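The block underneath contains the structure these notes are about, expressed in structure tokens.
The values are calculated or read from the model by the stated rules, or taken from the named source; none is laboratory data. Treat the numbers as computed from the prediction; the structure is a model and nothing was measured. Cβ placement follows ideal geometry from the backbone for every residue including glycine, while neighbour counts extend to all protein chains displayed. Keep in mind that these areas ignore ligands, DNA and RNA; they rest on the heavy atoms of the full protein, side chains included. Shrake-Rupley method; radii C 1.70, N 1.55, O 1.52, S 1.80 Å.
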Amino acid sequence: MTAFVRAGETGSFSRVARELGVSQPSISRMVAGLEARLGVKLLLRTTRHVTLTEAGRVFLERAQQILSDLDDAENAARGVDSLRGTLRVALSGAFGTREVIPRLPDFASQHPKLRIELLMSDRTEDLIAEGADMALRLGPLPDSGFGARLLGRAPRLVVTSPGYIARKGLPRTLADLTTHDCILGPGLSGRSSWNFTRSGKAESVTVQGSITVTSADGVIACAKAGLGIAVASRWMCRTELEAGEVVPILSDYQLDWVELHAVYPAGRRPSLKVRTISDYLAAQLMHNEGG
């Protein structure tokens, strides 16, 4: 059933074979045996892909739930302190490196029999095709067929290096930003108009700069190097702030906070493994950011 579910989710026998550590013909035989027992065709095979039949789509939905329930039942019988199996988490490389991995040793020590696979990429992967049990997503969530749980939120800050301030001066108002080099990056920092609130009133400023970066880590590196002024969440610049390599400026002006969600396939109750690590990360992140 696991072989069929992953073949239906990924559309590839060879990929499932690699995941399960068996040969591709073995996966094909497993699915064929399941089809023979049911007396229906579940998958249509071509030289490149496998696709679900109508019967396959119906069976996939139920099989996914059955496997999830079975995994939960086994872990519930052992107790939450004896989680087993594999937990696959998709997340961005920068956030994973800075905020998640440093928090994992304690979680891993609590669950020594649980294997953790971190699918780290700055691209938003297909959660189902990648075989992830959950994803950690920063920022607004697009409408989708996924379930989500808010794990934490952190303020966004305007930051730059002490060296930049020494060379170019300290901006004291939003209007001052128009004469400074601003670093454009992903998300809100990539917009030419940066929106703030001050004393409950919305204000915005049009910014410009010669540096554009496609990763949050790159934005922080540019600010640290003195290339300009950047917008970043506290999560993404915590280390540099504590080391004094970047400093917050324009503190009278507030940006929208950034939210972190655990995202998981909808239609299924999150597994005990997913609920456990979500509870753990929420407690850690909420404590660090004060709510």
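Scanning region 250-290 for residues that are closer than 30 Å to PRO171 by Cα, modelled with pLDDT under 90 and open to solvent by 40 Å² or more (accessible area, probe 1.4 Å) gives ASN288, GLY290.
Could you list, in sequence order, the residues of region 42-56 that are part of a loop (DSSP other than H, G, I, E, B) and surrounded by fewer than 14 Cβ atoms within 10 Å (Cβ to Cβ)?
Within region 42-56, THR46, THR47, ARG48, HIS49 qualify.
Taking the criterion of being within 28 Å of the chain's Cα centre (by Cα) and either in a loop (DSSP other than H, G, I, E, B) or surrounded by 18 or more Cβ atoms within 10 Å (Cβ to Cβ) (or both), the only residue of region 20-29 that qualifies is GLY21.
Sort out which residues of region 209-246 are within 17 Å of ASP176 (Cα to Cα) and open to solvent by less than 70 Å² (accessible area, probe 1.4 Å), and write them in order of number. Correct list: GLY209, GLY228, ILE229, ALA230, VAL231. The number of residues in region 157-179 that are closer than 24 Å to SER199 by Cα and open to solvent by less than 40 Å² (accessible area, probe 1.4 Å) comes to 7. Taking the criterion of being closer than 14 Å to GLU117 by Cβ and in a helix (DSSP H, G or I), the residues of region 59-103 that qualify are GLY96, VAL100, ILE101. Reported count of residues in region 53-96, each being among the acidic types (Asp, Glu) and within 21 Å of ALA135 (Cα to Cα), is 4. Taking every residue in region 160-178 that is more than 21 Å from LYS224 (Cβ to Cβ) and pairing it with any residue that is surrounded by fewer than 13 Cβ atoms within 10 Å (Cβ to Cβ) and among the polar types (S, T, N, Q), at least 6 positions away or on another chain, the pairs with Cβ-Cβ distances below 7 Å are THR178/THR206.
Would you call SER204 open to solvent by 70 Å² or more (accessible area, probe 1.4 Å), more than 30 Å from ARG62 (Cα to Cα) and in contact with an Asp or Glu (Cβ under 8 Å, 6 or more places away or on another chain)? Criteria not met by SER204.
Scanning region 30-37 finds no residues that are modelled with pLDDT under 90, at negative phi and either open to solvent by less than 40 Å² (accessible area, probe 1.4 Å) or among the acidic types (Asp, Glu) (or both).
Each residue in region 10-29 was checked for being touching a residue at least 60 places away in the same chain (Cβ under 8 Å) and more than 21 Å from ARG57 (Cα to Cα), and 1 pass.
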